[in-house]
Amino acid sequence: MQHILEELEKRRAQARAGGGPQRIAAQHAKGKLTARERIDVLLDEGSFEEFDMFVEHRSHDFGMQDQRFPGDGVVTGWGTINGRVVYVFSKDFTVFGGSLSKAHAEKIVKVQEMALRNGSPVIGLFDAGGARIQEGVDSLAGYADIFLQNVLASGVIPQISVIMGPCAGGDVYSPAMTDFIFMVKDTAYMYVTGPEVVKKAVNEDVSHEDLGGWRVHALKSGVSEGAFDNDLEALAQIRRLIDFLPLSNREPPPRRPSFDDPERAEPSLDTLIPANPNKPYDMKELVLKIIDEGDFFEISPDWAKNIIVGFGRMDGDTVGFVANQPQVLAGVLDIDSSRKAARFVRFCDAFNIPVVTLVDVPGFMPGTKQEQGGLIKHGAKLLFAFAEATVPKVTLITRKAYGGAFDVMSSKNIRGDVNYAWPTAEIAVMGPKQAVEIIFRSDIGDPDKISEREAEYKAHFANPFVAASRGYIDDVIMPHGTRRRIVRALKSLRSKKVSNPWKKHDNIPL
Ligand code: HXC
């Protein structure tokens, strides 16, 4: 009997050794943890239950029959994060560069299916060279099996991808269909085709970093929702994110006892809005001052910075925040900010997370670049996302809410549940100067008359009371009481039940 037990231990040790000490040392030398070390950091201590550690590839081509590693380049299983079950797969770059064989794909699909059945998130840790070249079409089929599971699970369980090394070819499309992609700075890069293919196809010389490093995806393309300094930081932040999220769409987001008084007044907010309406201020200050303990998990903090989105808590409950940022491009809605916020609102709606919208928006960005880039369709995504969302929606207009952007930003008429404004709000079709120059064009040559008209327009529209008198705003509230009023509004909406007309699915302007 003893030798049978020893045999098991021997096999386990062999699997845990991955691609061997040399390749592990090379992995560490690049500043990366191994697949197993990453899982240990991500999950609660001792909670990992591994599956399929003895699975091997079944290829006999190109000498592969003589190269077998138990586990075949991916470590899979489940464990807990602060006691809540999550499923994980972690690509092992030390085994065939983490490349995907059919057997490797089957291991991932197994955890994807279990997570979907059991209602728990899937977290994928990527560090891999794409399709296992020696396996040809079997590898491609394996990817397709994974993609299908990504799509079936979308909106049912949270899916999170962390790119911690190379991520090329087939490996980029699975993350692309998950809810969030995070990258590790300097070690991670992701692209559909690498620099060599780029050179051959379009004769462009480009480095890995410039083609798909974190600066490309977390700052420019928006493909990644954030980048962290190293493996440890990234994994710690994923643990933090999971704490905000429900395990599936079948349950409410987790409640966490808060030591922050829900009635807390914040007198400094009474002076947040500058006297000059064209002067910026930091909307993030408002977010941080009204949420529990200032604990905010921002999504895409470095891309489309004219809109802020992320998770916070109000009296212990997870809330998704969408807020125009007057500090960047005056908080205007453009293609990127519309896409960023639309996707976030849809995530919240899919996972029963109430949305709080903080509005200070001068309108949509004018110009040929935006129009030629399809601003109409992209802006419509955000309008669509807010309008279709059935989760509780609380809106606060702090200053400008001009034109179509007023409608878009979770207005009453697209089913905002509770819509507040500060006394500093200006709700109008456009800013006073522009408006006067259009409706009193004949007076343009007379500066006195124009400024008189402007003052008249301001007195009429540059306040929240016209909108409030029509019921488009439910109440005008004191800035210092914002936390209390939003907490109370969200409480009143806890049992909200609204459903949209039956349909197979909608046709959001993609
Ligand atoms: C098999 C692979 C592999 C792959 C890497 N390896 N990629 N084995 N299939 N795709 C192996 C290497 O042979 C090597 O084995 C080990 O992994 C480490 O690789 P290195 O090249 O030494 O590492 P590094 O210099 O860090 O470069 C990493 C890399 C590079 C940039 C990822 O390996 C690379 O370019 N790989 C190929 C990428 C690629 O073109 N993949 C196919 C994409 S097509 P040893 O034994 O020496 O340790 C695709 C189509 C799917 O994915 C489409 C589905 C929609």
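The values are calculated or read from the model by the stated rules, or taken from the named source; none is laboratory data. These figures come from a predicted structure and were not determined experimentally. Using ideal geometry, Cβ is built from the backbone for each residue, glycine included, and neighbour counts are taken over all protein chains shown. Just so you know, the surface numbers come from the protein's heavy atoms only, side chains and all, with ligands and any DNA or RNA stripped out. Shrake-Rupley method; radii C 1.70, N 1.55, O 1.52, S 1.80 Å.
When only the Cβ of Lys, Arg, Asp and Glu is charged (+1, +1, -1, -1), the dipole of the chain relative to its Cα centre reaches about 1080 debye.
Of the three principal axes defined by the Cα atoms of region 17-156, the extents in descending order read 43, 33, 23 Å.
Over the Cα atoms of region 337-425, Rg to Rh with Kirkwood Rh, two decimal places?
Values: Rg = 12.9 Å, Rh = 13.2 Å.
On the Cα set of region 337-425, Rg over Rh gives 0.97.
Couplings for region 263-274, taken from phi via the Karplus curve 6.51 cos²θ - 1.76 cosθ + 1.60 with θ = phi - 60°, read 8, 3, 8, 10, x, 5, 5, 5, 10, 5, 7, x Hz in order; Gly and Pro are left as x. Expressed to the nearest 5 percent, the antiparallel share of DSSP beta bridges inside the chain is 35 percent. Summarising the amide proton neighbourhood of Phe69: residues at separation of 5 or more, or on other chains, whose placed amide H is nearer than 5 Å comprise His57.
3J(HN,Hα) couplings calculated from phi for region 42-57 with the Karplus curve 6.51 cos²θ - 1.76 cosθ + 1.60 (θ = phi - 60°) are, in sequence order, 5, 9, 4, 4, x, 8, 6, 10, 8, 10, 6, 6, 9, 5, 10, 5 Hz; Gly and Pro show x. Would you mind telling me the share, in percent, of accessible area of the chain contributed by carbon and sulfur at probe 1.4 angstrom? Summing carbon and sulfur atoms, their accessible area is 55 percent of the total for the chain. Full extension of the segment from Gln327 to Glu196, taken as 0.36 nm per residue of separation minus the current Cα-Cα distance, would add 43.1 nm. Just need the relative contact order of the chain here, percent rounded to a whole number, with Cα pairs under 8 Å and 6+ apart. Relative contact order for the chain comes out at 9 percent. Considering only the Cα atoms of region 179-327, their convex hull presents on average a projected area of 12.3 nm². Can you pick out the pairs among Lys305/Lys369; Lys340/Lys369; Lys30/Lys185; Lys369/Lys433 whose Cα atoms lie more than 22 Å from each other? Violating the 22 Å Cα-Cα cut-off are Lys369/Lys433.
With +1 on the Cβ of every Lys and Arg and -1 on the Cβ of every Asp and Glu, and nothing else charged, how large is the dipole of region 176-228 about its Cα centre, in debye rounded to the nearest 20? Working shown, then result.
On the way: 5 positive and 8 negative charges, 9 e Å.
Here region 176-228 has a charge dipole of around 40 debye.
Residues within the reach of a label modelled at Asp145 (point 7 angstrom out along Cα to beta-carbon, backbone nitrogen below 17 Å), restricted to region 62-81, are 71-77.
Mean residue ellipticity, 222 nm, helices only, the chain: the sum of -39500 (n - 2.57) across DSSP H runs of n ≥ 4, divided by residue count and rounded to 500, is -11000 deg cm²/dmol.
Which one, Gly71, Ser47, Gly19, projects farthest toward the positive side of the charge dipole computed for region 1-77 from Cβ point charges (K/R +1, D/E -1)? After comparing all options, I get Gly19. Working from Cα pairs under 8 Å separated by at least six residues, relative contact order for region 418-510 is 37 percent.
Toward the positive end of the charge dipole of the chain, with +1 on the Cβ of Lys and Arg and -1 on the Cβ of Asp and Glu, the farthest Cα among Gly97, Phe321, His505 is that of His505.
Based on C-alpha pairs under 8 angstrom that are at least 6 apart in sequence, region 290-430 has a relative contact order of 20 percent. Taking the average, over residues, of other Cβ atoms within 10 Å as the packing measure, peptides 182-190, 466-474 rank 182-190, 466-474 from highest down. Charge tally for Val391 (other residues, Cβ to Cβ under 12 Å; Lys, Arg +1; Asp, Glu -1): +2. The H on the amide N of Gly77, modeled in the peptide plane, is under 5 Å from the matching H of Phe51, Val88, each at least 5 residues off or on a different chain. With a Förster radius of 30 Å, plug the Cβ-Cβ distance of Ala26 and Lys369 into 1/(1 + (r/R0)^6) and report the FRET value to the nearest 0.05. Approximately 0.10, to the nearest 0.05. Compared with the dominant Cα axis of the chain, that is its longest principal axis, helix 335-350 is turned about 70°.
Roughly speaking, what is the stretch gain from Leu5 to Glu251, that is 0.36 nm per residue apart minus the C-alpha to C-alpha distance, in nm to one decimal? List each step's numbers first, then the result.
Numbers: separation 246, 0.36 × 246 = 88.56 nm, distance 4.18 nm.
That pair, Leu5 and Glu251, stretches by 84.4 nm at full extension.
Applied to region 380-392, the Karplus parametrisation 6.51 cos²θ - 1.76 cosθ + 1.60 on θ = phi - 60° returns per-residue 3J(HN,Hα) values of 5, 4, 5, 4, 4, 4, 5, 5, 7, 5, 10, 6, x Hz, with x for Gly and Pro.
Extension gain for Val466 to Glu113 (0.36 nm times residue separation, less C-alpha to C-alpha distance): 121.7 nm. A cut-off of 5 Å between modelled amide H atoms, ignoring neighbours fewer than 5 places along the same chain, links Asp315 with Asp292.
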